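Notes follow the structure.
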Amino acid sequence: MGLLIDGQWHQEDYRRDAQGGFVRDDTLFHGQVRSEGPFLPEAGRYHLYVGLACPWAHRTLIMRALRGLEEAIPVTAVDPWMGPDGWFFSENEPDPVLGARFLREVYTAAVPRYTGRVTVPLLWDRRTGTIVNNESRQIMRMLDHDFAPLATREGDYCPPGLRDRVEETLDAIYQPINNGVYRAGFAFTQEAHEAAIGELFAALEHWEGVLAGQRFLCGDRLTEADIALFTTLFRFDPVYHVHFKCNRKRLVDMPYLCRFAREIYGMPGVAETCRLDHIKQHYYRSHPFLNPRGLVPVGPDRDFRDC
C-alpha cells in the first residue's frame, strides 16, 4: 500500500494502533456541491472516479443509479488490481479528463504537494480543475440532494424527518461493520483481529434482529444507511468471509440480512453497479500479505438473488 507525501509516491504500510489494530486514514477533500457557491450542480461539469471493487465507491454508484444521474455525471473506473503504484487506469478504460495513468496523478493535479492516501470515490470538477470531495458519505448525500435538479428519478434517501436517525445509523454501522471487516482482515495482531471480529458479528446480529421486525434499517423506506450496509454485505461471502477471515457466519446464515440485501440488489439499476468480477480480482490479487500467490477463487456459483 502506498501514499503520496509532498506529491511524491511512497510505499508505506497501513497505520496501526498500539494494539496492532488497523487505522483508516481520514479523507481530506470535503468540498460541497451547492445551489450557491463555487461548486454549482451542473450537468457534465463533474466527473466521478470510482473503483468497482470498492464498497465506499459502490455507495456512490448506487445513489447515482437510484437518482438517474448517469447522463449528468459521467464515471471512470480504475483497474481492479491495485499494485505497488496504487490505483491505475487500464487501457480498456483510460482517464478521459486528465489522461492520467495513475489515480495519484489526479490528486496531484488538484494539489501538487498533496500528502495522503489515494482513494476512491473522488468527485472532480472539470471547470475549476480540482477535487471537490473524496468522502463517500458526503458524495452520496450530494448526489441525492444537491444534484436533485438534474435527477431523472424521484427519491430522497435522507428525508428531513429521518435525517437524525439516518445519521445515527450510518455512524452505528461504520466502525463495527463497514470498517470492521477491514479491521479484521488488516489486523496486525491476533488480539486486534479477534476484537474486530467480536464487534463485527455483534453488530451484524443486532441488525439481523432489527430487520426481523422491519423492512429497512431506519423503518419502512430505503435510506443512505441501507445503501452503506448493502455494499459491505454484497462482498461478505465471496471476499470478507474467506479473505478477511470473517468466518463466524456467512451472509446466507443470517436470513433477515440476506433478505434485506437481496431486496436492494433487485431494485432498478442496483445490480448493474455490482461487479463481482472486479471485487474478486481486486481483493485476492491486491493484498499479497494475505494471499501471496494471488489465486482468485472461481466461486461462488450461486446467484446473489439467492443470497
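Every read-out reported here was derived from the displayed coordinates using simple, explicitly stated rules and does not represent laboratory data. All values derive from a computational prediction rather than experimental measurement. When we count neighbours, we look across all protein chains shown, and the Cβ atoms used for this are built from the backbone with ideal geometry, even at glycine.
The figures follow:
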| quantity | calculated |
| --- | --- |
| For the range 156-172 and the range 38-85, distance of Cα centres in Å | 22 Å |
| Rounded to 5, percent antiparallel among DSSP beta bridges of the range 2-150 | 85 percent |
| Long-range Cα-Cα pairs in the chain (distance over 26 Å), rounded percent | 45 percent |
| ARG153/ARG215 FRET efficiency (R0 22 Å; Cβ-Cβ; nearest 0.05) | 0.65 |
| Nearest-0.05 FRET efficiency for TYR14 and GLU71, computed from C-beta distance (R0 35 Å) | 0.40 |
| Cysteines having no other Cys beta carbon under 4.7 Å from their own, within the chain | CYS54, CYS158, CYS218, CYS246, CYS274 |
| Length released on extending from VAL111 to ASP6, taking residue separation times 0.36 nm less the Cα-Cα span | 36.9 nm |
| Distance (nanometres) between label positions extended 7 Å along Cα→Cβ at ARG293 and ARG163 | 5.4 nm |
| Computed label-point distance, nm, for sites ASP171 and PHE188 using a 7 Å Cα→Cβ extension | 2.9 nm |
| Calculated FRET efficiency for the pair ASP303/ALA43, C-beta based, R₀ 25 Å, to 0.05 | 0.10 |
| Projected-area mean, the range 218-278, by convex hull of Cα positions, square nanometres | 4.6 nm² |
